[in-house]
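For reference, the structure discussed in these notes is given below.
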């Protein structure tokens with residue numbers, strides 16, 4: 001983001017922070033790197049539109065860590081780590097997969113493979129999260145999520161059932177409900193809306 005590059009180190013439970021030289025493309029580590037709880041395994045990041053907050057979905061821990069971001073130094077300061085499940089359970093075989101922020105910045109979505117859940121978090125004015133919902137997503141092994149630029153629809157890629165499901169986002173609550181609409185796509189693992 002901006003003059004910095006961030007990289008999830010799943011095995012090291014850290015997020016690397018690197019200063020980017022725009023002339024040469026060289027990356028210089030900015031220490032210390034950001035940490036997540038041991039054994040969490042950060043997988044992907046989502047950035048708030050203003051760049052002040054960063055969210056990491058932790059694959060092994062089935063959690064999300066919210067960070068405050070210093071725009072001048074690139075440093076990340078952990079604000080909280082929350083479970084993607086209301087009961088806080090970590091069932092064997094479950095792993096967090098995708099993370100995406102709603103265009104409004106009000107809601108954060110995370111998918112979980114295994115139980116095949118969608119977790120919806122409310123984003124507070126301070127960037128902190130509150131779990132609003134966690135329910136079955138309607139696809140098998142949801143590897144990717146995408147929200148359309150208008151914030152009305154959420155797409156979920158089911159890698160194991162060869163489908164992309166369409167969910168309608170409630171504009172008041174941010175909760176996403178299955179529409180029953182699915183597109184047949186062979187083992188989808190990524191989704192992107194064209195600009």
**OP:** List the number of the failed condition for residue 110; all other conditions in (1) in contact (Cβ under 8 Å) with a residue 40 or more places away in the chain; (2) surrounded by fewer than 22 Cβ atoms within 10 Å (Cβ to Cβ); (3) assigned to a strand (DSSP E or B) hold.
**Re:** (2)
Original post:
Out of the residues in segment 48-61 that are crowded, with 17+ Cβ neighbours inside 10 Å and free of Cβ contacts under 8 Å to residues at least 60 places away in the same chain, which is nearest to residue 125 (Cα to Cα)?
Top reply: 54
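Does segment 13-22 contain any residue that is part of a loop (DSSP other than H, G, I, E, B), touching a residue at least 40 places away in the same chain (Cβ under 8 Å) and surrounded by fewer than 19 Cβ atoms within 10 Å (Cβ to Cβ)?
Here is the first cut: in segment 13-22, the residues part of a loop (DSSP other than H, G, I, E, B) are 13, 21-22.
Checking which are touching a residue at least 40 places away in the same chain (Cβ under 8 Å) leaves us with none.
Within segment 13-22 (the criterion being part of a loop (DSSP other than H, G, I, E, B), touching a residue at least 40 places away in the same chain (Cβ under 8 Å) and surrounded by fewer than 19 Cβ atoms within 10 Å (Cβ to Cβ)), the answer is no, since none of the residues qualifies.
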Original post:
Looking at segment 88-96, is at least one residue part of a strand (DSSP E or B) and surrounded by 16 or more Cβ atoms within 10 Å (Cβ to Cβ)?
Top reply: yes
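Does residue 74 meet the test of being crowded, with 18+ Cβ neighbours inside 10 Å and over 16 Å from the mean Cα position of the chain (by Cα)?
When the stated conditions are applied, residue 74 passes them.
Bear in mind these aren't lab numbers, they're just calculated from the coordinates by the rules spelled out. A quick note: this is a predicted structure, and the numbers were derived from the prediction, not measured. Don't worry about glycine lacking a Cβ; one is built from the backbone with ideal geometry, like all the others, and counts go over all protein chains shown.
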